[in-house]
Amino acid sequence: MVETPRLIALRAEAARFREELNEYETRWKDRQVFLASQGYMLRPRYRPGWVPSWKTDTSRHPRDNEDYWNLPLREHLIDATRTSDGRLVYVKRVKTGDAESTIARMLSSSRLNEDPRNHCVPILDYFVDEDDTSIAYMVMPFLRLTDDPPFETVNDIIDYGNQIIQGLVFLHEQRVAHRDCSEKNIMMDADSLFPKGYHPVRSDYLPDACTPAPRLWRAKGHIKYYYVDFGISVHLPTDSPKLAVGGYGRDQDVPELSFDVPYDPFKVDIFILGNMFKREIYDNYSNVDFLLPFINAMTQNDPKARPDALEAERIWGDICAKVSGLQRGWRLRGRKEVWVQKVVLDTYTSVRRIFGWVTDLQG
């Protein structure tokens, strides 16, 4: 494609914008040497003395250079590579000994990690900053949003629900209420879908951020879903009141949220999950109507009328047991699809399934 003067100018402006670290990035760059001493290497962009590679090599578009890609605007979170084995991880800055890290580490203890129902994000490491002891760092696996890559079949949704509802039963057995378990705080380990890896920011590309990443379709992988971000979670041991207050959280549809009136936080989790299934799945796909009784039970206005986690698991299991193997293999159909789209996409999916094709896997 021939570049117009305007495109050239826009490219140069974008490159200039990326030549300087923003405030969040600078804070991480200043901790790079310390993090490296703990066994975690940040990308070249965040190492001392970094010079943008596109300033010395002008033969490529700036965005084809790995160090062009800066952090999303998340002040407390950065990707890193564990130097002992090359594993891609997240490093999260927290307050030393705060409720979030205390709950997350408890749920990630060796004893609880042995339970296959545990779908709380594993804490791989935890250490205190050498210069400011009020700051600590939690290291976790690098995870992706649950729809990246997108769900493809009805069975993908059933597997997703099986795992997160099982995980909720486990979480509540430990007397922990998440209180913010919406779609952004449930993530997945999708490494098995990317046999050659992927870039942490430009996630459809290889670690070089330039070459498209080969990807298996979801049915060929082994995805595990995790609850993350216990920032407003509460741990209520059996000898303490089963109530909490607070109006924070991504899902503001929860009717009982209040900063003043105590409520049952475990029933809040039930509502949030049911509402998530409604917004993110039922409202988007036309062939998952079998989920409606589950959603209605979970999202009743009266918290006492909602099931607890164990009963929710039973309702879910009873509903999914009636879904045939043929129906489970159906492609998820968008609610806004017209009939021509349905025919074309259904045919493509059927052919792909027959021949065992994979998606975007080259060579």
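Some observations on this one:
- Computed from Cα atoms alone, the Kirkwood hydrodynamic radius reported for the chain is 22.9 Å.
- Accessible-area order (highest first, 1.4 angstrom probe) of the listed residues 109, 84: 84, 109
- Residue-level accessible surface for residue 41, protein heavy atoms, 1.4 Å, Å²: 60
- The residues of the stretch 5-141 expose on average 53 square angstrom of accessible surface per residue, using a 1.4 Å probe on protein heavy atoms.
- Sorted largest first, extent of the stretch 60-121 alpha carbons per principal axis (Å): 51, 26, 22
- Across the stretch 5-141, the volume of the C-alpha convex hull divided among the residues equals 142 Å³ per residue.
- Simple point charges give the picture: +1 on the Cβ of Lys and Arg, -1 on the Cβ of Asp and Glu, and for the stretch 5-141 a dipole about the Cα centre of about 460 debye.
- With at most 10 neighbouring Cβ atoms within 10 Å, loop GluC sites (Glu not before Pro) (DSSP) excluded, longest segment of the chain: 115-363
- Ignoring lysines fewer than eight residues from residue 220 along the same chain, the ones with Cα atoms less than 18 angstrom from its Cα are 196.
- Of all accessible heavy-atom area on the stretch 4-141, the percent that carbon and sulfur account for (1.4 Å): 52
- Pairs exceeding a 24 Å alpha-carbon distance, out of 278/304; 242/304; 224/278; 267/322: 267/322.
- Here is the size of the stretch 20-92 from its Cα atoms: Rg then Dmax, 12.7, 36 Å.
- Spatial separation of Cα centroids for the stretch 228-281 and the stretch 120-193, in angstrom: 17
- Dipole magnitude (debye, nearest 20) for the chain, charges at Cβ of Lys, Arg, Asp, Glu: 1020
- At 1.567 mPa s and 4 °C, Stokes D of the stretch 223-262 from Kirkwood alpha-carbon radius, µm² per second: 105
- Fraction of the pair-distance distribution of the stretch 153-329 above 22 Å, Cα-Cα pairs, percent: 50
The values are calculated or read from the model by the stated rules, or taken from the named source; none is laboratory data. Keep in mind that this is a model prediction, so the values were computed, not measured. Note that each Cβ is placed from the backbone with ideal geometry, even for glycine, and that neighbours are counted across all protein chains shown. We work out accessible area using only protein heavy atoms, side chains counted, and drop any ligands, DNA or RNA first. Shrake-Rupley method; radii C 1.70, N 1.55, O 1.52, S 1.80 Å.
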